[in-house]
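Below: the structure, in structure tokens.
The values are calculated or read from the model by the stated rules, or taken from the named source; none is laboratory data. In this text, all values refer to a predicted model and were calculated from it rather than measured experimentally. Cβ placement follows ideal geometry from the backbone for every residue including glycine, while neighbour counts extend to all protein chains displayed.
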Amino acid sequence: MEEIKLFCLPYAGGSADVYAKWRTYLNSSIKLCPIELPGRSKRAKDPFYKSMGEAVEDIASLVEDETNGTDYAVFGHSMGSIITYELICRLYEKGLKLPIHVFFSGRYPPCIEKQGKNMHLLTDDELIQEAVSLGGIPEKLLKYTRLVENAVSTLRADYTILETYGHNPQIQKFDIDISVLSGTNDELAAVEDMKYWEQYTEKSCTFYTFHGGHFYIHNNAKALVEIINNTLVDTE
């Protein structure tokens with residue numbers, strides 16, 4: 001069986017490392033390719049993206065270089081879901097090979113407009129508390145000042161590109177099977193909102209829910225990857 005690459009895009013404040021444990025459970029025919037965004041880990045010295053457009057253009061070039069005509073899939077969680085959608089739009093515009101499957105996780109589609117808190121405008125303390133309440137920053141890490149400072153900078157940069165993007169009322173349908181995943185107690189991705197993702201495909205749209213909140217992906221890695229394995233391996 002030919003190798004399938006799985007590109008994974010993180011949530012706001014997250015890095016490629018959040019997907020590292022998936023390698024333990026992934027089918028041997030699937031190669032994990034977590035995408036590192038600027039300002040963190042091995043790209044720590046690269047400046048943060050200033051806009052959604054800049055992020056999508058950079059990631060589209062990366063995917064084009066990495067795939068080179070081979071089959072691939074894309075998984076995005078939360079902010080990563082929005083980047084994933086805009087990424088597919090950009091790849092389509094450029095006439096490039098599209099993924100064989102897309103996984104949208106923990107974020108309602110861009111056609112839905114919501115009035116949020118404008119997280120990127122919060123004070124550092126407010127931003128930290130929001131991240132802790134959502135489960136994005138474990139409370140036990142707050143004693144590490146430098147670590148928290150870096151986390152705040154990354155969160156603010158990510159929320160800036162997400163919140164200035166706002167929403168996109170135009171629904172671009174693609175000829176791609178998609179999966180939509182969410183946590184049962186996710187305040188940011190209500191089940192009724194997630195259902196709107198089915199409007200974005202001409203093909204099948206399958207829904208999955210997991211016990212947990214917005215960061216359900218951390219405590220359900222094995223079950224989540226099992227879905228990915230079954231979906232991608234069966235696609236071939």
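Among the residues of segment 121-177 satisfying the criterion of being touching a Phe, Trp or Tyr at 6+ places or on another chain (Cβ under 9 Å) and at pLDDT below 85, which is surrounded by the most Cβ atoms within 10 Å (Cβ to Cβ)?
Among those residues, the one meeting the criterion is 127.
Looking at this structure, is residue 134 free of Cβ contacts under 8 Å to residues at least 60 places away in the same chain and at negative phi? Full working, then the answer.
On the way: free of Cβ contacts under 8 Å to residues at least 60 places away in the same chain: no; at negative phi: yes.
No; evaluated as a whole, the condition is false for this residue.
Would you say residue 116 is on the phi > 0 side of the Ramachandran plot and in a loop (DSSP other than H, G, I, E, B)?
No, not satisfied.
Residues being in a loop (DSSP other than H, G, I, E, B) and buried (at least 20 other Cβ atoms within 10 Å of the Cβ): count how many of those fall in segment 27-43.
Total meeting the criteria: 3.
If you take the residues in segment 51-68 that are touching a strand residue (DSSP E or B) at 6+ places or on another chain (Cβ under 7 Å) and of a type outside the set (Asp, Glu), which one is farthest from residue 155 (Cα to Cα)? Can you show your working first?
From segment 51-68, those touching a strand residue (DSSP E or B) at 6+ places or on another chain (Cβ under 7 Å) are 63, 66-67; that's our starting set.
Applying the additional criterion that residues be of a type outside the set (Asp, Glu) yields 63, 67.
Working: 63: 24, 67: 29 Å.
Checking each candidate, the answer is 67.
Only one of these is aliphatic (A, V, I, L, M), farther than 26 Å from residue 36 by Cα and modelled with pLDDT of 90 or more: 221, 190. Name it.
One residue alone meets the criteria, 190.
Please work out if residue 87 is farther than 13 Å from residue 162 by Cα, in contact (Cβ under 8 Å) with a residue 12 or more places away in the chain and in contact with a strand residue (DSSP E or B) (Cβ under 8 Å, 6 or more places away or on another chain). Walk me through how you get there before you give the answer.
Working: farther than 13 Å from residue 162 by Cα: yes; in contact (Cβ under 8 Å) with a residue 12 or more places away in the chain: yes; in contact with a strand residue (DSSP E or B) (Cβ under 8 Å, 6 or more places away or on another chain): yes.
Yes.
Output the number of residues of segment 191-236 satisfying the condition of being out of contact with any strand residue (DSSP E or B) (no Cβ under 8 Å at 6 or more places or on another chain), of a type outside the set (S, T, N, Q) and either closer than 17 Å to residue 110 by Cβ or not in a helix (DSSP H, G or I) (or both).
Total satisfying the criteria: 3.
Among (1) within 24 Å of residue 179 (Cα to Cα); (2) free of Cβ contacts under 8 Å to residues at least 40 places away in the same chain, where does residue 52 come up short?
Result: residue 52 passes all but (2).
Every residue, every condition in (1) of a type in the set (Phe, Trp, Tyr); (2) assigned to a loop (DSSP other than H, G, I, E, B), yes or no:
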position	(1), (2)
64	no, no
70	no, yes
73	no, no
76	no, no
81	no, no
90	no, no
104	yes, no
